[in-house]
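To start, the structure under review is shown below, and the notes come after it.
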Amino acid sequence: MSSRTDTDETRAPEARVTDTCLTDPRPTEAHVTAARTGEAITASALHAAATGADTFPGVLREALNRRGLSLERVSERLRVRGITISQATLSSWQRGRSQPERARSLRAVEVLEEILELPAGALRSLLGPRRPRGRTTPPDAEGAALQILGEDSVVEKALGARFRHFNQETSSLMVHDIVRVGETGTLSGISTTNVLRASRAGADRAIFVLSFDDEAAEPVDIRVTCGRLVEATYLKGLKSLVLEIHFGRELAKLDTTVVSYAVDVSPSDTPATHYERWSRTNLHEYLQQVFFHPAALPTDCHRYVREKVGAPPRGRRRIPLSDAHNVHVLTSRCKPGVHGVEWDYGRGTGGTEAAGTKAAGTETDGTGDRPG
């Protein structure tokens, strides 16, 4: 598992999340593992924040899931009422990539409220101002994240409507990841220090997404030593942890801040075999360290890079294990992509491919990590 800010995220190579449902996949269960603020935060409030349930896309998704209707059926029911709205358009609405604006679309929203058994105005009242016409490009944060993560990634599903503006107010300058492997060869914990720079005045928070490949590996303790943790929601269906960390002040443009946090992971039966960080931005410097328990030393370790999630690894090079039972990779002028370390136990501990953990960072700096 990993956690990182920005558009970066770490994840294990073999983790894949698929869903054949025509509506946006939603985790079936959300576990809050930690929440620290000046006042109490309820689980429902955390879940609403994580899914964007107070926005037009969030309420639409929630209603579709509650009614158990596919986009195909909704499109057909609209057609019967004399309104032609394609499944692709409905999908774009519930993802927040476009919104109803034309007269026909606004009429469709009113009918949708009836079909989904929502109060009159429940959807239409959530529509924002009309967007500019003409050809547009996706926001920098979303476009950069999509280039690295691809469509329908675990991070996008975990963040919902918030993915569109994923940490767009900050970027990461330096990241230091420390991964700890326990006595049985399974992941025991991850800690990260991230130096962020504000791209605009007023930036005051960042979101991090940590994803796990192993269902048994769940966060059991979260500690924030630089910054203030205000949200920690574990989405069990996506095996992902969403963290929102406030800086404690509003940053001026180009001002920097440091965020540091650590996550302990529950014991698992499957050894971890790799750790990856996904980054959507250039990093001045990236340092990754993996510490192994003396009883679970690997026979071989390698570093590698992927252009994007799912792409074949390149630049694979062997890295030595130190007398202190750790390996490290230091990369200056680190380009966007997936940066990983993998290790092999041979016939030793586990001896099988491990389900990994992955961590994704919500975009305050565009970096994330994932152990596997």
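The values are calculated or read from the model by the stated rules, or taken from the named source; none is laboratory data. Here the structure is a predicted model, which means the values were calculated and not measured. No Cβ is skipped: glycine too gets one built from the backbone with ideal geometry, and neighbour counts run over all protein chains shown. Side chains are part of the model used for accessible areas, which takes the heavy atoms of the whole protein and leaves out ligands, DNA and RNA. Shrake-Rupley method; radii C 1.70, N 1.55, O 1.52, S 1.80 Å.
Points worth noting:
- Considering only alpha-carbon pairs that sit under 8 angstrom and 6 or more positions apart, the relative contact order computed for region 225-318 is 17 percent.
- The modelled label-to-label distance between S266 and S91, using points 7 Å beyond Cα along the C-beta direction, is 3.4 nm.
- Portion, in percent, of the accessible area of region 155-242 that falls on carbon or sulfur, probe 1.4 Å: 48
- Take the Cα of A252, go 7 Å toward its beta carbon, and the backbone nitrogen atoms of region 189-206 under 12 Å from that spot belong to 201-202.
- Computed FRET value (nearest 0.05) for R333 with L127, which takes r as the C-beta separation and R₀ as 51 Å: 0.75
- Once the C-beta distance of A120 and E307 is scaled by a Förster radius of 45 Å, the resulting FRET efficiency is 0.40 to the nearest 0.05.
- A straight chain from H325 to H165 at 0.36 nm per residue would run longer than the Cα-Cα distance by 53.6 nm.
- Averaged over its residues, region 194-338 has an accessible area of 44 Å² per residue, based on protein heavy atoms and a 1.4 Å probe.
- Cross-linked pairs K236/K335; K236/K308; K239/K308; K308/K335; K157/K236: Cα-Cα separations exceed 23 Å for K236/K335; K236/K308.
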